[in-house]
Amino acid sequence: MVNANLDQETLRALADEGNQVALDRLADLADARKDIEELSGLLDEGCMRAGHLLTHHAVAAGDLRELQRIADAGYDEADRELNRLLQTPSREQRD
């Protein structure tokens with residue numbers, strides 16, 4: 001079995017060299033640890049997998065500001081989800 005720290009270090013080195021699959025794998029590992037800060041950093045590096053995972057978390061939390069931040073970072077799904085949530089009437093408005 002590969003040492004998890006070595007694996008993460010290797011993935012980071014590969015990602016730094018432009019390997020998108022390694023960057024996506026780092027995002028999956030950060031998500032498994034629920035490390036939102038690292039996911040945000042990966043999004044800032046251009047990792048769209050991190051954008052997907054962050055969008056999922058933001059939608060689940062109803063965090064419109066985080067969705068806007070993710071959309072501003074270039075992840076289109078966050079923009080679509082933000083607009084969907086903004087257009088959906090709240091339960092109070094429907095009652």
Check your understanding: Do you know the relative contact order of the chain, to the nearest whole percent, from alpha carbon pairs under 8 angstrom that are 6+ apart?
Key -> 16
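Students often check this: by mean Cβ neighbours within 10 Å, which of 70-76, 29-35, 82-88 ranks highest, and how do the rest follow?
Numbers: 70-76: 17.7, 29-35: 14.6, 82-88: 12.4.
Listed from highest to lowest mean packing, they are 70-76, 29-35, 82-88.
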Revision key, fill the gap. Treating only Lys and Arg (+1) and Asp and Glu (-1) as charged, each at its beta carbon, one finds that the chain has a dipole about its Cα centre, in Debye to the nearest 20, of 360
Study note, to complete from the structure: The local net charge around Glu45, scoring Lys/Arg +1 and Asp/Glu -1 for residues other than Glu45 whose Cβ lies under 14 Å from its Cβ, equals -3
Practice item. With no solvent and one equal point scatterer placed on each C-alpha of the chain, evaluate the Debye formula and give log10 I(q)/I(0) for q = 0.13, 0.15, 0.16, 0.18 Å⁻¹, two decimals. Key: -0.48, -0.60, -0.66, -0.78
Review point. Which listed residue (Gly62, His52, Leu11) has the Cα farthest towards the positive end of the charge dipole for the range 1-62, taking +1 on Lys and Arg C-beta and -1 on Asp and Glu C-beta about the Cα centre?
Key: Gly62
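What does the net charge come to around Gln68 if you take all other residues with beta carbon closer than 12 Å to its beta carbon, with K and R at +1 and D and E at -1? Working shown, then result.
Working: positive: Arg65, Arg69; negative: Asp63, Glu66, Asp72, Asp79, Glu81.
With Lys, Arg at +1 and Asp, Glu at -1, the net is -3.
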Check your understanding: For the chain, modelled as a GNM with alpha-carbon contacts under 10 angstrom, which of Gly51, Gly18, Gly41 fluctuates the most?
Key -> Gly18
Check your understanding: 222 nm [θ] for the chain, helices only, -39500 (n - 2.57) per DSSP H run of 4+, per residue, to 500?
Key -> -23500 deg cm²/dmol
Check your understanding: Given a Förster radius of 25 Å and the C-beta distance between Gln68 and Leu14 as r, what FRET efficiency does 1/(1 + (r/R0)^6) yield to the nearest 0.05?
Key -> 0.20
Review point. So how compact is the range 41-87: Cα radius of gyration and Dmax in angstrom?
Key: 9.4, 30
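Each value in this text was obtained by applying a stated rule to the coordinates, not by laboratory testing. All of these numbers come straight from a predicted model, not from anything done at the bench. Don't worry about glycine lacking a Cβ; one is built from the backbone with ideal geometry, like all the others, and counts go over all protein chains shown.
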